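Quick notes on the structure that follows.
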Amino acid sequence: MGIEHRLHARCGGLAGSHVHEGHEHAAGLGRPFAFSSSPRHFERPRPFAIEHIALDLTLDFETKSIRGHAEIQLRRVDPEATSIELDAIGFSISSVKAGGKEARYTYDGKRLVVQLGVNLDRSTLTIAYSATPRKGLYFLDADEHVPHRPKQAWTQFQEEDARHVIPCHDKPHAKMTTEARIRVPAGFYVLSNGALAARERVGDQEVFHWKMEEPHPSYLVTIVAGEFSEIEAVVRVGGGTTSLEDTVRVHDRTIPLSYLVPKGREDDARRTFARTPDMIAWFSELLGVPYPWNKYAQVVVSDFFFGGMENTTATTMYEHILLDERASLDVTSDDLIAHELAHQWFGDLVTCRDWSEGWLNEGFATFMEHVWRERHLGRDEYEYGVRNDLASYLGEASGRYRRPIVCQDYDAPLDLFDRHLYEKGGLVLHVLRTELGDTLFWKGVSTYLHRHARGVVETRDLLRALEEVSGRSLGRRFEELVHRPGHPEIEIDLSWEDGVLRCAAKQTQTAADGVPNAFEVPIVLSIVDSEPPHSERTEKVRLATRADTFSIPCPSRPRLVVVDPEMRILGDVTLKAPADMLRAQLAEAKTGRGRWLAAQALAKIDDPPTIEALATRLSDDSEFWGVRVECAEALGHIRAREAFDVLVKAREVAHAKVRRAVVDALGRFRTTAAVEALKPKALRDESYLVEAEAARALGKTRQAAAYEVLLDVMGRPSWADVISSGAIDGLAALRDDRALPHLFSRTRYGHPARVRRAAALAIPKLATDRRAREHLEELLDDADPIVRMDVVRALSDLGDARSRSALRARAEVDLDARVRRRIREVVRDLGGERKQHNELKDTVERLETEQKELRARLAKLEAQTAPTSKGKAPPEGPARPKVGKKRVPARKKKR
C-alpha cells in the first residue's frame, strides 16, 4: 500500500499514527506470536455473580487520587463457596463490610478476598478505599511545557484496567448494572454510563449521579470530568435525518445524543459528528436491532492514547477526531465514529466471553466502518476500504507474525489488539457476507444479536447463527479464516489458446507454525467476451491443492478477465495476465475494484501503451478516486520519463486524495526535476495531507535541494500535526546529516506527541552512533506510551544490540502492555539477524534501480542504432531519469 488512507486509530490501536508498515519488525517473519513463556488463558471461577456496583467517589485533582466507597451486590452461584475474590490494584482499604457488618478479608495489593460464609444466597459488600491510580484513571493539567492542556480526568478501563479504580471481577464475561456518584470541583461536568439521575451543588463541589440500568462489563464503565461545551443531537429511524435540534424517535423511543467537546470547538464538533444520527438509524435498520441503550454521548478529551473507546452509552474520543474546515476537505472522522458506534451492538450489547474472542467485538466494529461508507458513499468506497484493510493485515502478517484470530496464548489481553483482530476480523465478515449474500448474512447477524443480547458470545455462536439461517456448512471456512494462522498466497497466471482460457493457480505460502500447507481457495473469474455485445459471465473454481490449472472453454479470446471481483480470497494474490487484457480491464471493468486491480497489475509493465492507459484513467475526473490513486502509484512504480511527465501534469487534479497519491508517486523519481515539481505542493495546497505527502516525497527524491523546503514546512501548524510529521519523515528519507539537530530537539517533551514520534523514528535513518542510541534510550522513560512504542521501533531500526539492556530495564517497569510487547519483540530480534535483513533489502533495491537504469540505457542504444526506412538511425528518443547507484535502504511501506 503506497499512502496511508486510515487516518484515525480505533479502540486499542495507536491514536492516529503516521507510522507505516515498514516500521513493523520485518525481521520477525515466521516468528510465533506467543513467546515461550506466554500462558494459555481460561476463565477463572465465579462462585458469586456480581449483579450491581454502586460507586461513590471524590476525584481529587490536586493529588490525582480518588476516595470513597463501592457497594457491590452479590448472588451466590456455587453453593459451597465461602469467599469472593475481587480485582483491586493499589488500593488503601479502610473497611470491608458484608451485609452491613465488618467482614474478614485479605488483600495483597492485587486481589481482595472477602470471607462470606455459606449461609447467604445474596449479600452486599461495602468497600471503603482510596487510591492514586497508575492506570485506568488519568488526571490532566497544564504545565510549563504544555500550557494549553485542559484540566480533565478520564477513565480508560479496556482491557483489564478497571481494577485500578474500582473493585470488581475485571473480565468481559462478568456483566452487572452500575451507578456512579462522582464529586468534582464546581464548574466541572461529569459524564458516565446510562442516565443522569441527579446533579447537585454541595459547597465547592458538584455531585453527579449516573445510573446504568442494563448489565455491562467493568471495562465499559466510564467516568469523564472536565469543562466542556455540550451540543445536543437526536436521531429518527424511518423518518430520515434531522437537524441537531430536532426531537426524534427510534422505534417509538426518543434517543438523545450529545457531543461534549472543548470550549471553542463547537463548529468543528457539528462538522465532525453531523452524520451520527444517520449512522444510528441505518445500523438499527440493517441489524434488525434498534439502538439498545437510553442515550448516546460522544466526549472528546485530551491526550487520549486510543482513537476512541466504546463505553456503554458514552464513547470517549481523542482530540484529533475534531476536524477544522480545511481538514474536512479530505479527512473524515466517520470511520472512527461508525466503529465506536457499532460497538454499542458488537461488544456492549453482545460481548466476547474472553479476550481471545475479541474479534467478535473489534472485527465487527471494523467491518461496520465499511458498511457505513457503502451506505453513505457507495460500493466502490466500501470495496476500497476493504482493500486497504487487507493491505494493512498483510503488512503485519508478512512482518511481525501470523496468528489465529482466536488465540488463547498471550501475555496481556492488549497483545491481541492488532491487525489480525481488527482488519482480518473485519475481512472475515466481508468474505462471509460475499459468500452468503446480503439477505442471509444480515439475517444471520440479526439472529446472533437477538439470541445473545446482553450476554456473552464465542465464535461458534456466530457460526451457528449463520449456518442456521443459510443451511450451509461453514465449519471449514471458520477453521481456515479464524482458527488457523496465515492466509493463502496465490499466484495466478491467465492465458488463452485454441478456445481455452487457462487459469494456472499456485499457493506459495510456507507450511509452518500451524499455517496450512494448502487452503481451500475460491477463485471467481469475471470473463468479458471480445466480440460485441461483450457479454460477461462468471466462472467459479476452487483451488484445494498447492497448484492446479483450470481450463475454461472460451471460443474467442476474452477481452478482459477480472480475477476475484468481489474479494472472496482473504490473502495475497499476484496476477499475471496479457497486457492488452489488463489495459482493457482498466478501461472497461464495470466496478472500481476491477479497474484498480488492473492498475496494480500494470505497474509491472513498462511500455508506452500501458503508461498511456494509466494516464487516461488518472486524468478522468469522473473515475472513482481509488482507481486514480492506484494509477498514480503504478506510474510511480514504473518510473519512466513518460510516467513522470504524466504525474507532473496531474499535480493540480481537483480531488485531494488523488493529488496526494500523485505527489507520493513523484517522490519515486530521484531527480532535481522531481524536486521542482514537488516544491509548490509542499509549500501550499488546499489540503493538509497533500502538503504533508509532498514533504515526504521531497525527501524520497534524495536531492539536496529539498532540504531547505523541508525545514521551512516543518514548523507549519496543521490538523493533527500532519505537515510537521510529513516534513520530518521527508528529512529522514533525505538522509541529510544537517537535519539531525532539528530531529533531536523535536523529540523533547513540549512538542506535540506526533511530532516527537516522527522525530524519534527519523533519527536512526540519519545516525547510528552512540549519541543516537543513548538519546533514544533516554526517551524510553517518556510519559506518553505511544511515544515509547515508537522509540522502541526506532531502537529496532537502529539495530544496535547494546540497546538490549535499556530495553529490558524499561520492560520490567512499563505499565503499558503494548510497550512491553514491542520491547520483547525487539530484544528477541535485535542484532545481526535484523541487520542482515536490512542489508538484504538494501541490496534488492540497489539491484532493482540498476536494472531500471540498464533497461533505459539499452532502449536508448537500440533507438540510436536501429536503421530507419532510409537506412538511418532515428532521432534520439526521450531519455529516462537517471537514478544514482548509491546504496540506500529500501522504501518502506506506510502504515
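General remarks:
- Between Ala587 and Arg748, the C-beta separation translates, for a Förster distance of 41 Å, into a calculated FRET efficiency of about 0.20.
- Ser470 accessible area, assembled protein chains, probe 1.4 Å, Å²: 30 Å²
- Taking amide H atoms as placed 1.01 Å from N in the peptide plane, the amide H of Leu560 lies under 5 Å from those of Val528, each 5 or more residues away in sequence or on another chain.
- Acute angle (nearest 10 degrees) that the helix 656-666 long axis makes with the longest principal axis of the chain, alpha-carbon atoms: 50 degrees
- Placing +1 on the Cβ of every Lys and Arg and -1 on the Cβ of every Asp and Glu, with no other charges, gives segment 258-390 a dipole of roughly 340 debye about its Cα centre.
- Just the protein heavy atoms count here, and of the accessible area of the chain at 1.4 Å, carbon and sulfur take up 48 percent.
- Close amide-amide hydrogen proximity is noted between Val521 and Leu543, Ala544, each under 5 Å apart and 5 or more residues distant or on a separate chain (H modeled in the peptide plane; Pro and chain starts excluded).
- Distance between the 7 Å Cα→Cβ label points at Asp438 and Gln73: 4.4 nm.
- At R0 = 22 Å, FRET efficiency that the Cβ-Cβ distance of Ile93 and Gln115 yields, to 0.05: 0.95
- Highest mean packing first, where packing is the average number of other Cβ atoms within 10 Å per residue, the peptides 108-121, 125-138, 437-450 line up as 125-138, 437-450, 108-121.
- Helix 625-638 axis versus longest C-alpha principal axis of the chain: approximately 50°, rounded to the nearest ten.
- Order by protection proxy (mean Cβ within 10 Å, highest first), peptides 628-638, 771-781, 379-389: 628-638, 379-389, 771-781
- Local electrostatic count, Ala338, Cβ distance below 12 Å [Lys/Arg +1, Asp/Glu -1]: -3
- Sparse-neighbour loop sites [GluC sites (Glu not before Pro); segment 57-116; at most 10 other C-beta within 10 Å; DSSP]: Glu62, Glu80
- Of the residues Gly378, Phe478, Gln408, the one whose Cα sits farthest towards the positive end of the charge dipole of segment 376-485 is Phe478 (charges of +1 on Lys and Arg Cβ, -1 on Asp and Glu Cβ, taken about the Cα centre).
- Segment Leu377-Lys295, extension gain: residue separation times 0.36 nm, minus the distance between their alpha carbons: 26.8 nm
- Note, ³J(HN,Hα) from phi for segment 318-329, Karplus 6.51, -1.76, 1.60, rounded to Hz, x at Gly and Pro: 7, 5, 6, 5, 6, 10, 7, 4, 6, 4, 5, 4
- Packing-based order for 546-552, 686-692, using average beta carbon neighbours within 10 Å, highest first: 686-692, 546-552
- The overall shape of the chain is prolate: from the C-alpha gyration tensor, with semi-axes ordered a ≥ b ≥ c, the ratio a/c is 1.5 or greater and a/b exceeds b/c.
- Backbone geometry of segment 85-93 corresponds, through the Karplus equation with coefficients 6.51, -1.76 and 1.60 at θ = phi - 60°, to 3J(HN,Hα) couplings of 10, 10, 7, 7, 10, x, 8, 10, 9 Hz, x marking Gly and Pro.
- Selection from Leu830, Ser745, His320, by position along the positive dipole direction of the chain (Cβ): Leu830
- Taking amide H as placed 1.01 Å from N in the peptide plane, the amide H of Ser495 sits under 5 Å from that of Arg502, Ala504, each at least 5 places away or on another chain.
- Folded to 0 to 90 degrees: helix 438-452 orientation relative to the chain principal axis, Cα: 20 degrees
- Spatially close Lys pairs in segment 34-139, defined by Cα atoms under 22 Å apart and a spacing of eight or more places or different chains, total 4.
- Label point distance in nm, Arg735-Arg771, each placed 7 Å from Cα along Cα→Cβ: 2.0 nm
- Percent of beta bridges antiparallel (DSSP, the chain, rounded to nearest 5): 80 percent
- Fully extending the segment from Asp621 to Asp493, taken as 0.36 nm per residue of separation minus the present Cα-Cα distance, adds 42.9 nm.
- In the full protein context, segment 666-718 carries 33 Å² of accessible surface per residue, based on a 1.4 Å probe and ignoring ligands, DNA and RNA.
- For segment 4-11, putting each phi into the Karplus relation 6.51 cos²θ - 1.76 cosθ + 1.60 with θ = phi - 60° gives couplings of 7, 9, 8, 9, 10, 8, 10, 4 Hz, in residue order, rounded to whole numbers and with x for Gly and Pro.
The values are calculated or read from the model by the stated rules, or taken from the named source; none is laboratory data. Computed from a prediction, not measured in an experiment: that's the story for all the values here. When we count neighbours, we look across all protein chains shown, and the Cβ atoms used for this are built from the backbone with ideal geometry, even at glycine. We work out accessible area using only protein heavy atoms, side chains counted, and drop any ligands, DNA or RNA first. Shrake-Rupley method; radii C 1.70, N 1.55, O 1.52, S 1.80 Å.
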